[in-house]
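Here is the structure we will look at, set down as structure tokens.
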Amino acid sequence: MMPEFKTVGLVGKASDSRTPPLVETLVDLLHQRGCRILMEKEIDGFDRPEIVELMPLEELAEEVDLLVVIGGDGTLLATARVTADSGTPVLGINLGRLGFLVDVSPEQAPTELGEVLDGAYELEPRAMLEAELVRDGVVIHSGIALNDVVLHVLSVVRIIEFDTLIDGMEVGRLRADGLVVATPTGSTAYALSAGGPILTPQLEAMVIVPVCPHSLNYRPLVVSARSTIELRLSSGSRSPAQIALDGQQNVDFAPGDVLRIRHRATPLNLIHPLNHHFLRVLRTKLRWGEQP
């Protein structure tokens, strides 16, 4: 039996002019359904009624049964990293471009949210990554990512040199613009642009994709989700580097540092309308089979 959603949280992309009228429509729907409604913050252009409570996002995620994210994939990625510990399922409404994660259109949002409230939905766990940066034996930064953890050169048109280890086994030194370690979800993002394969979300795996490698021998590699990946910047690397989590959180990466990346034990739970299918989404978003 599907759980009921009695308390619903709304997170909206405040900079988009389409957000206020959509939020107003959804609030009316949720109020008619007798739901308690929470919002992360005020949205310009939306005259918030008293029935809608404001609450910081981390607290909100613990309080609600369902989190509705209005925006693009970037909005959902940022929200997921903050709310991941809550385990609260997330429904994404797409105001962005491709929208691999936020797959409900604004036009269909009232109808499909209503169906979700009626119990007509699919729950899909999506794997996340944990990353920790170790310097002189001390963890100086840790974070999580839904799409990817990326090692990249910083602000200069040069390559960096680094070693990659998988479960303690050194797989080689690489000179490149960087390296992407992605979840199946992230395989359709930067990893795909860098020439990596697409992984279906059900796979328990990570993909390692070099970015513009200075060698034709280094190719994308799919490894088990049980593996631990380590990256070490070579002492001979002459370019500054950074680590990026989902392209939104950046940390400096210095020679001698060690970056450890693992599969996170707890996934993000995505909500989809019924009859959602990942391959159908790929076919539509990537225009497979269309005539030029």
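The loop-placed GluC sites (Glu not before Pro) in region 64-130, going by DSSP, that have at most 14 neighbouring Cβ atoms within 10 Å of their Cβ come out as GLU107.
Scattering from the C-alpha atoms of region 129-263 alone, worked out with Debye: what is log10 I(q)/I(0) at q = 0.09, 0.15 1/Å? Log10 of I(q)/I(0), two decimals: -0.22, -0.63. The calculated 222 nm mean residue ellipticity attributable to helices in the chain amounts to -5000 deg cm²/dmol, summing -39500 (n - 2.57) over DSSP H runs of n ≥ 4 and dividing by all residues. With 5 Å bins beginning at zero, the pair-distance distribution over Cα atoms of region 29-131 amounts to 2, 11, 21, 25, 25, 12, 3, 1, 0 %. Taking every alpha-carbon pair within the chain, the share separated by more than 26 Å comes to 47 percent. In a DSSP loop and with at most 15 other Cβ atoms within 10 Å, the GluC sites (Glu not before Pro) in region 1-74 are GLU4, GLU42, GLU50.
To the nearest ten degrees, helix 19-32 and the longest principal axis of the Cα atoms of the chain are 50 degrees apart.
For helix 73-83, what angle does its Cα long axis make with the longest principal axis of the chain, in degrees from 0 to 90 and rounded to 10? On a 0 to 90 degree scale, this one is about 90. Roughly speaking, what is the centre-to-centre gap between region 27-63 and region 78-127 when only Cα atoms are used, to the nearest Å? After rounding, the separation between the Cα centres reads 16 Å. Given their separation in residues at 0.36 nm each and the Cα-Cα distance between them, GLU42 and ASP136 gain 29.5 nm when the chain is fully extended. Between VAL156 and THR111, the modelled labels are 5.6 nm apart [label points 7 Å from Cα along Cα→Cβ].
No value in this document is a laboratory result; all are computed from the given coordinates. This structure is a prediction, so every number in the text was calculated from the model and none was measured. No Cβ is skipped: glycine too gets one built from the backbone with ideal geometry, and neighbour counts run over all protein chains shown.
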